[in-house]
Amino acid sequence: QVQLVESGGGLVQAGGSLRLSCAASGRTFNSWFRQAPGKEREFVAAIRWSGSMTYYADSVKGRFTISRDNAKNMVYLQMNSLKPEDTAVYYCAARWDYISTYYYTKNYKYWGQGTQVTVSS
């Protein structure tokens, strides 16, 4: 029903920037999660369909910006001032409606395939 395809990952140096894109079908609430090797998948950012409300993990607040362009069915994650600890596979996720516990992976029904982000020191 809902298909998600991430792109834009790559290798960047610490302090650099990268913008991830998610082709997201449907009128959905979307989030970005990331998973580093050997660690649990963790919440990064979320955005309502209207784009008027955004939410961030403390670890990325002030550095990352989530946005969307519904005319293009796209969700973005602008990542600035990247750090080596940001290295992970980044996933776009979606659900049909807003939930206050948007930071739990189990609350999402739809997931993209992930895109690798590697930040070198």
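The values are calculated or read from the model by the stated rules, or taken from the named source; none is laboratory data. Just so you know, these numbers come straight off a predicted model, no measurement behind them. Remember, those area values only see protein heavy atoms, side chains included, never the ligands or the DNA or RNA. Shrake-Rupley method; radii C 1.70, N 1.55, O 1.52, S 1.80 Å.
When you have a sec, figure out the Kirkwood radius of the chain from all distinct Cα pair distances and drop it here in Å to one decimal? Working shown, then result.
Numbers: mean 1/r = 0.0712 Å⁻¹.
Over the chain, the inverse of the mean reciprocal pair distance is 14.0 Å.
Between their Cα atoms, which of LYS39/LYS106; LYS39/LYS61; LYS61/LYS109 are more than 23 Å away from each other?
From the list (LYS39/LYS106; LYS39/LYS61; LYS61/LYS109), the Cα-Cα distance tops 23 Å for LYS61/LYS109.
Skip the ligands, DNA and RNA, and give the accessible area per residue of segment 1-114 with a 1.4 Å probe, whole Å².
About 52 Å² of surface per residue is accessible.
Just the number, please: carbon plus sulfur as a percent of the accessible area of segment 1-114, 1.4 Å probe, no ligands or DNA/RNA counted.
48 percent
Over all distinct Cα pairs, what is the inverse of the mean 1/r for segment 58-121, reported as the Kirkwood hydrodynamic radius in Å?
13.5 Å
Specify the inter-centroid distance of segment 29-50 and segment 96-117, based on alpha-carbon positions, in whole Å.
6 Å
Using each residue's phi in segment 98-111, evaluate 6.51 cos²θ - 1.76 cosθ + 1.60 at θ = phi - 60° and report the 3J(HN,Hα) Karplus result to the nearest Hz, with x for Gly and Pro.
Couplings: 6, 9, 5, 8, 5, 8, 9, 4, 5, 8, 10, 8, 10, 9 Hz.
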